[in-house]
Every structure is written in structure tokens, then in C-alpha cells.
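Report on the following structure.
The values are calculated or read from the model by the stated rules, or taken from the named source; none is laboratory data. Note that the structure is a prediction, hence the values are computed from the model and not measured. Backbone-built Cβ (ideal geometry, glycine too); neighbour counts: all protein chains shown.
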Amino acid sequence: MKKSWFWRLVCNGFLLLALAGFVGCQSEPDEKVITVGVVSFSPAMDSAFEGFNKQMEEFGYQEDVNIRYLYEGPAKSQEALLEIAKNFVEQEVDLILALSTPSAQAAKAATAESQIPVVFVPVTDPVGSGLVNSLSNPGGNLTGVTNLSSETLRLDWLIDVVSPKVLTRIYIPYNPEDKSAEYALAKAQAVAPDMGVEITPREARNGAEMVLALKEMPDDMNAIFMLPDSVAISSIQAFVETALEHQIPLCAPTTG
């Protein structure tokens, strides 16, 4: 397959943005300076934070004027997410903005005994991830935006564009500790047999393992399929390089 196929077959998703409830019912911002702690696990989520900041500005909340963000960049590991969230609780921030499922789970654990609201964005399966009771009635102190699972549609699109005769084996490296990735993989695996494709998943819990998984990809794979997975998205350059090296299509949920 020629390299030109790669550029025609990259799938792009959307990073959805959430607004905190405390701005919804106010016509004018309070004089109080609101403090927002940001928990993230991937540089790919920075665009969601930027979008949140921009929307808050439209509500009249200017950074370093009447709103302050505490953010030192993505956590080095999933274990560090909980410590970051706990620090925000100790600092008594007004809101925690959790970017991705692992970040939201850490924020929920850290705020279990507090009333600090948590806004997550984006989370594929907030109910299955244990973040909320239901989409219609979240309960607790968490709310946010779900991007739901588009894996079935993306997989169908990929097969249709490439050709069912060509695309029969798809490689999916993923982080099994990310509930969004786990949920999305299950969706893809459920429809794969009817689509005539075989999915080969490979677990990778951090960036180093993800790079290794790509290096050890079986030679008979026809395409690489990325899930809404913080570890995978953080390693998107390795995905692109692998797809180019093997001259096979890559389907990703975000531009990274």
C-alpha cells in the first residue's frame, strides 16, 4: 500500500469542552478570584484546557484577574494524578478540571470527602468508569462532557475506505488501565467479526510500553487503530512513524 493512503485515512475526532456550573446562572462574575486546579495525563488534552479557558473568558472570567488556574502540565504517571488532585483539595480550590478518564477518576478519589466540584472532559464512558451514577442524573460532585464511543463508526469508515478485501487485520495498542480505552476496545471487538476484520489488541500501560508495542507490531497487520486513550494519544508521534514505516493506514480519535 502506498504512503499516500496514510494521509487519506487518518480519522480525526473532537475534543469537547465543559463549563463549570457556577458560571451558568450568573450574569456578571463575582469579585472573588476563582481558583481552578487542572489535572491532566496527556499533552494532547492541553487544547481542551485552552478551550475551557477561552470559554470562561467569554463569561467574563479573565485569567489572573478573577480566575486563577493551577496547572503545571501533564502528570508523569497515573499514580501522580492522585497526588496532584489531593494537593488541590488541600489548597481548597474552587473547582478541579479533570482532562481525560484517568484524571477524572483521580479527582473523584481525592474529593471523596469534600464538596469541591469536578468537571471532566472528555470521558468516553463516565458511567462505566464509575464517575457518575447516570448521564441524566450524575449525582455526587462530578459532571462534565462525554464524547461517547465512535469506534464502531470509525472502524466501519476505515474498512469502507481501504476496502474489505485489503483490510482484514487491525492492530490496537491500548492502556488497559484507562476505562475509556477498555470500553472503546470492547465496542470495536463486538462489531469486528461482522465487519470481517480481526482485531489484535496489545496492552501498554505507559509511553515506553506503547512505543515497544508499536515496534513489536506483527508484520501481517493491515492498519493501526487508536482508541481514546491518554497513553496512546501522548504517543501519537510513534503511531504516525510506525504507520509510515509499514505504509499502512492509521485511524486516530484526535489530532493529538
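Being free of Cβ contacts under 8 Å to residues at least 60 places away in the same chain and either surrounded by 14 or more Cβ atoms within 10 Å (Cβ to Cβ) or assigned to a loop (DSSP other than H, G, I, E, B) (or both) is the filter here; which residues of segment 242-255 pass it?
Matches in segment 242-255: 242, 246.
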Subject >> Checklist (1) without any contact (Cβ under 8 Å) to a residue 60 or more places away in the chain; (2) in contact with a Cys (Cβ under 8 Å, 6 or more places away or on another chain) applied to residue 191, failing item >> reply: (2)
Original post:
Hey, does segment 67-90 have a residue that's more than 24 Å from the chain's Cα centre (by Cα), outside any strand (DSSP E or B) and more than 18 Å from residue 118 (Cβ to Cβ)?
Top reply: no
**OP:** Check 134, 100 and return the single one that is among the polar types (S, T, N, Q), at positive phi and not assigned by TED's automatic domain parsing to the domain that holds residue 227.
**Re:** 100
**OP:** Answer yes if at least one residue in segment 31-50 is in contact with a Leu (Cβ under 6 Å, 6 or more places away or on another chain), closer than 22 Å to residue 107 by Cβ, at pLDDT 50 or above and among the polar types (S, T, N, Q), and no otherwise.
**Re:** yes
**OP:** For segment 182-194, state whether one or more residues are farther than 24 Å from residue 130 by Cβ, in contact with a Leu (Cβ under 7 Å, 6 or more places away or on another chain), not in a loop (DSSP other than H, G, I, E, B) and not aliphatic (A, V, I, L, M).
**Re:** no
**OP:** Tell me, please, whether a residue that is more than 19 Å from residue 230 (Cα to Cα), at pLDDT below 90 and assigned to a helix (DSSP H, G or I) can be found in segment 111-133.
**Re:** no
**OP:** Select from segment 34-76 the residues that are surrounded by fewer than 14 Cβ atoms within 10 Å (Cβ to Cβ) and out of contact with any Asp or Glu (no Cβ under 9 Å at 6 or more places or on another chain) and write down the one among them that is farthest from residue 101 (Cα to Cα).
**Re:** 65
